[in-house]
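Heads up, the thing below is written out as structure tokens.
Values quoted throughout were computed directly from the atomic coordinates according to the rules given, and no laboratory measurement underlies them. Not measured: the values here are computed from a predicted model. Cβ: placed from backbone, ideal geometry, glycine included. Neighbour counts: every protein chain shown.
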Amino acid sequence: MILSIKDLAAGYGKFRVLEDVDITIKPDEIVALIGPNGAGKSTVLKSIFGLTTNYGGKIIYRDKNITKLNTSELVRLGISYVPQGRQVFSSLTVKENLEMGAFITDDKVLIKKKMKDVFAKFPVLKEKTNQYGFALSGGQQQMLAMGRALMQDPQLLLLDEPSLGLSPKLTKEIFQKIIDINKERTAVLIVEQNAKQAIKIAHRTYVLEDGKVALTGGKNIVNNPKIKSIYLGGR
Amino acid sequence: MSIVVQLLINSIIAGSIYALIASGFSLIYSVAKFMHFAHGAVVTVSAFILFFFAGMLKFPFWLSAILTIIFAALFGLLMNLLCYRPMRKRKATNAVLLIASLAMFILFQSLMIAVFGADIKTVRLGQISTGLNVFGGIITELQIIIVLVSVILLVLLWLFMKKTRLGKAMRAVADNKEVAQTVGINPEKIYNITFMIGSAIAGIAAVLIALEQNVEPNMGFSLIIKGFTGAIIGGIHMVPGAVLGSYLLGLVENFGIWFLPSGYKDAIAFVLLFIFLLIRPQGILGIKRGVNNK
Ligand SMILES: Nc1ncnc2c1ncn2[C@@H]1O[C@H](COP(=O)(O)OP(=O)(O)O)[C@@H](O)[C@H]1O
Ligand SMILES: [Mg+2]
């Protein structure tokens, strides 16, 4: 396991959101986390990334308890987080955004190499190297946010709703990139509203309801009647 | 003709001083997102520190100036560490931080009166020169130095923000603190550095102003009002805007007294401030950003 979350209870200050959450991810896996709005999906990612209050349980990353580490320590350990909502530095250029992705290193050669890799994966970013973040389209901003995370050379990538607000075509493109990233030996934990697509690209899926894991399974989870009626019906 | 040249020279000198104050003020505002009015107290206290070293202890001027600038940087850092940071930890709003900054302003201004007295002090460097004649206007060597130091410092600050890893990290925190955190930037560290840089610039301004004018307990108040006005006019979110606004303020003030009695000089600044706050609060260079700016 690259990550195991055990009996996690977490929230914000006195406001408890997650209870008894258990999630595991293998180093070569894409794991999807789906569930209704407000179920606590984003909170799971934030809790791994040290941005919540944790009341109990453990988060183990490659045999190391990371429950109490801060974000910069986690980045150094190889965990990258792409928050919900195409978050880029809008007043920084594409190049500067990517440079900031590699903030934890000052090795200029390494940064150059990483940037080349990111440009190879997202050619559109290369065309926009000197444009400001706010001047990009929604899809380009999502790619920039992901590219920024890849600058950190993560072993575990946490993605929060990367398809939010994107057209079906762009969504497909982004999902294909996620598969590519995973094939290059990065474990991915992806939170999605777009349950059908997420289940399709994921090796395993967890369903979160009301702060608890309600259901888990492999690709065949699509055949589960409950999943069919709640998450796939009408879509 | 020569009066136009003289007013222009006076505008540039005033603008340079305002720009030094406004740049630090808007730098801190853009990164930490609140109005650090106690920035004015950094100027006042630093000027007194210069007077203490150069005037009372009779240290060589260059040494006194360096000590003053170091003092200013540490003073700003301590204000952040001992006042603002604990308040941020308790989730104080930016309005509360602003009030705290006003309280510190009054505290340190009073402290200067208590320690040094309310009378006017002077720090002078060599003989008072008669000044150089430039196209019919008069400018002293010190005033030339003020303009040059100001321009050089502002260019250096701009290069620092644009080209260095630390400068970019400061802009990243200014832009989106949460995302900055996700790439491993510690915002609190960036705040510390920002306060040190902004306050060091205020310290340099204090040295120049102490030489050109006088050292008195309320000097920081009018200066921070002018710096604030310059920042609002040009765009407080970005240092280049604040600098532009400061020079504009210098121009309007100095050419305004061509038409109005000179007693109205400060009033001109306030009128301009009100006009901008009402009509274009984001300033000349400021853009109203859409949904992308969180
Ligand atoms: N920063 C926060 N502070 C307090 N409560 C929050 C915060 N973020 C989310 N919440 C609350 O936590 C619950 C779960 O939110 P979230 O994890 O964002 O859900 P999801 O991502 O599944 O839609 C919601 O009730 C939400 O209101
Ligand atoms: Mg969410």
Taking every eigenvalue of the Cα gyration tensor of the range A:3-230, multiplying by 5 and rooting it, what semi-axes result, largest first, whole Å?
28, 21, 16
Violations at 18 Å Cα threshold for listed pairs A:K14/A:K64; B:K168/B:K189; A:K46/B:K177; A:K41/A:K183; A:K114/B:K189; A:K26/A:K219 -> A:K14/A:K64; A:K41/A:K183; A:K114/B:K189
Candidates A:Y61, A:Y81, A:Y12: whichever shows maximal mean-square fluctuation once chain A is modelled as a Gaussian network with Cα springs under 10 Å
A:Y12
If you build a Gaussian network model of chain A, linking Cα atoms that sit under 10 Å apart, which residue out of A:T105, A:T71, A:T93 swings the most?
A:T105
Enter the Cα centre distance for the pair the range B:113-186 and the range A:187-207, rounded to the nearest angstrom.
53 Å
One would report the Cα pair-distance distribution of chain B, bin width 10 Å, in %, as 7, 27, 36, 22, 7, 1
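Using only the alpha carbon atoms of the protein assembly as shown, find the Kirkwood hydrodynamic radius as the inverse mean reciprocal pair distance, in angstroms to one decimal.
On the way: mean 1/r = 0.0388 Å⁻¹.
After inverting the mean inverse Cα-Cα distance, the result is 25.8 Å.
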Under a 10 Å cutoff between Cα atoms, tell me which one of A:R185, A:R204, A:R86 has the largest fluctuation in the Gaussian network model of chain A.
A:R185
Output the relative contact order of the range A:1-139, whole-number percent, from Cα pairs under 8 angstrom with separation of 6+ residues.
21 percent
I'd like the orientation of helix B:219-234 relative to chain B: the angle between its Cα long axis and the longest Cα principal axis, in ° from 0 to 90, rounded to 10.
60 degrees
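Assuming R0 = 22 Å, can you tell me the calculated FRET efficiency for the pair A:N220 and A:K26, based on Cβ-Cβ distance, to the nearest 0.05?
Efficiency at R0 = 22 Å is approximately 0.80.
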Inter-site label distance for B:I3 and B:L277 at 7 Å from Cα along Cβ, in nm:
3.3 nm
How far is it, in nm, from the label point at A:K126 to the one at B:I138 when both lie 7 Å from their Cα along the line to the Cβ?
6.5 nm
Pairwise FRET efficiency - B:N214 versus B:A267, Cβ, R0 = 25 Å, nearest 0.05
0.70
Measuring from label point to label point, each 7 Å out along Cα→Cβ, what is the A:E209 to A:I230 span in nm?
0.3 nm
Expected 222 nm ellipticity per residue - DSSP helices of 4 or more, -39500 (n - 2.57), all of the protein assembly as shown, to 500
-17500 deg cm²/dmol
Full-extension gain in nm, B:N186 to B:I66, via 0.36 nm per residue minus C-alpha separation:
40.3 nm
How big is the dipole moment of the protein assembly as shown about its Cα centre under a simple scheme where the beta carbon of each Lys and Arg is +1, that of each Asp and Glu is -1, and everything else is neutral? Debye, nearest 20, please.
1620 debye
If R0 is 56 Å, what FRET efficiency do you get for A:K113 and B:T122 from their C-beta distance, rounded to 0.05?
0.45
Is the C-alpha gyration tensor of the range B:1-132 telling us rounded, prolate or oblate? Criteria: a/c under 1.5 is rounded; beyond that, a/b larger than b/c is prolate, otherwise oblate.
oblate
Relative to chain A, whose Cα atoms define the longest principal axis, helix A:108-121 and its Cα axis are tilted in degrees, nearest 10, by 70 degrees
Magnitude of the Cβ-charge dipole (Lys and Arg +1, Asp and Glu -1) of the range B:2-287 about the Cα centre, nearest 20 debye, reported as 980 debye
